[in-house]
């Protein structure tokens, strides 16, 4: 386990996982998460979206997508429910973009939390690690690959962790 400095978002996600009593690597049960937060989960052949009006919260999940993509969409929409209020309909486009950026960051961190990545033995090559993370967290390969890039970039920004990252990636991974 690394001596890892968590961001505010990573701490928030860790706290939510504590509420959900999830401490290990596993595919997120979106039905259980929705139930915990009193969110109606509705599957329809429409683009995934969330709404919260008064005390009613709902997330629409695109039933045309596979279960991995649905889990990813759920994590994005969950951020809108937990962190955003009101509607984006009449909001300034920069405000909408800010909320979408927040939801995307939350999505990656919630689907694959850093506190769990930090305590598991990830394969040395990102090309081995991505399928491992994908299957164990129940997300797509591309999603897992991108999340690992985020995780490794965060490690490389700390000089004390450079040796670990260099060793962990076995020079098979180029940092951007």
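Of note:
- Subset tally (residues that are surrounded by fewer than 15 Cβ atoms within 10 Å (Cβ to Cβ) and under 17 Å from residue 43 (Cα atoms)) for segment 63-102: 4
- Meets criteria (farther than 24 Å from residue 11 by Cβ, touching a residue at least 12 places away in the same chain (Cβ under 8 Å) and either exposed (fewer than 14 other Cβ atoms within 10 Å of the Cβ) or in contact with a helix residue (DSSP H, G or I) (Cβ under 7 Å, 6 or more places away or on another chain) (or both)) for residue 105: no
- Failed item, numbered, when residue 65 is tested on (1) assigned to a loop (DSSP other than H, G, I, E, B); (2) at pLDDT below 95; (3) farther than 21 Å from residue 18 by Cα: (2)
- Flag for residue 154 being surrounded by 16 or more Cβ atoms within 10 Å (Cβ to Cβ), at pLDDT below 85 and part of a helix (DSSP H, G or I): yes
- Verdict on residue 50 being touching a strand residue (DSSP E or B) at 6+ places or on another chain (Cβ under 8 Å), surrounded by 12 or more Cβ atoms within 10 Å (Cβ to Cβ), touching a residue at least 24 places away in the same chain (Cβ under 8 Å) and not in a loop (DSSP other than H, G, I, E, B): yes
- Qualifying residue in segment 29-48 (condition: modelled with pLDDT of 95 or more and on the phi > 0 side of the Ramachandran plot): yes
- The listed residues are 65, 96, and the only one of them that is out of contact with any strand residue (DSSP E or B) (no Cβ under 7 Å at 6 or more places or on another chain), without any contact (Cβ under 8 Å) to a residue 40 or more places away in the chain and within 20 Å of residue 134 (Cβ to Cβ) turns out to be 65.
- Only one of the numbered conditions (1) under 19 Å from the mean Cα position of the chain (by Cα); (2) at pLDDT below 95 is not met by residue 111, and that is (2).
- Restricted to segment 8-21, and to residues there that are out of contact with any helix residue (DSSP H, G or I) (no Cβ under 8 Å at 6 or more places or on another chain) and under 26 Å from residue 85 (Cβ atoms), the residue that is surrounded by the most Cβ atoms within 10 Å (Cβ to Cβ) is 12.
- Exactly one residue out of 155, 78, 117 is in contact (Cβ under 8 Å) with a residue 40 or more places away in the chain and touching a helix residue (DSSP H, G or I) at 6+ places or on another chain (Cβ under 6 Å), and it is 155.
The values are calculated or read from the model by the stated rules, or taken from the named source; none is laboratory data. Everything quoted here is computed from the prediction, not taken from an experiment. Because the Cβ atoms are built from the backbone with ideal geometry, glycine has one as well, and the counts that use them run over all protein chains shown.
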